[in-house]
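Visitor: I have a structure here, written as structure tokens, and I will follow up with some questions on it.
Nothing in this text is a laboratory measurement; each read-out follows from the coordinates by a stated rule. The shown structure was predicted, so the numbers you read here are calculated from the model rather than taken from an experiment. Cβ: placed from backbone, ideal geometry, glycine included. Neighbour counts: every protein chain shown.
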Amino acid sequence: MPSLLRKFNYANIVLHEIPVNQNIGVLSKTGEYKYKPWIGFIELKQAKQLPGAKPVKLEVHSTSLSDGFLSDWVKVEPGKHVQGCMVQEGVYAVTIEGEPRLV
């Protein structure tokens, strides 16, 4: 399972498949990040079929293909984001064959 790493002040927050009361930044049209509930990962094909789903860009520092803090982390380049899928309950990170999709 993949993982995402986001930074909040001095804290490193790892987001896993199973959400535990965490939030993630969603880029708004004004260029500011608004924080929404994290609800896990979703494959691109499934995300396209969700009624009312909206594609968004997520504020993520690094990604990993394994689940754990001591994983091999790959830093997201400046100006790049992980693609998200926002629904009423919160935000998913979109994956393609289990790998987070960068946009």
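Visitor: Test of the criteria: in region 73-103, which trypsin sites (Lys or Arg not before Pro) are in a DSSP loop and have at most 15 other Cβ atoms within 10 angstrom of their Cβ?
Guide: Hits after loop and neighbour filter: Lys80.
Visitor: Counting other Cβ atoms within 10 Å, which chymotrypsin sites (Phe, Trp or Tyr not before Pro) in region 10-103 have at most 14 and lie in a DSSP loop?
Guide: Tyr10, Phe69
Visitor: Something else about it: If the chain between Glu89 and Glu17 were fully stretched, how many nm would it gain, using 0.36 nm times the residue separation less the Cα-Cα distance?
Guide: 24.4 nm
Visitor: Here's something else I'd like to know. Under a point spin-label approximation (7 Å from Cα along Cα-to-Cβ), what is the Glu99-Lys75 distance to one decimal in nm?
Guide: Result for the modelled spin labels: 2.0 nm.
Visitor: Any idea what the dipole of region 3-100 comes to, in debye rounded to 20, about its Cα centre with Lys/Arg Cβ at +1 and Asp/Glu Cβ at -1?
Guide: 440 debye
Visitor: So, in the chain, how many Lys pairs have Cα atoms under 14 Å apart, if the pair is 8 or more places apart or on different chains?
Guide: 8
Visitor: Turning to a different aspect of this structure: Skipping prolines and chain starts, which residues have an amide H placed within reach, meaning under 5 Å, of the one on Glu43, given they are 5 or more residues away or on another chain?
Guide: Here Thr95 satisfy the definition.
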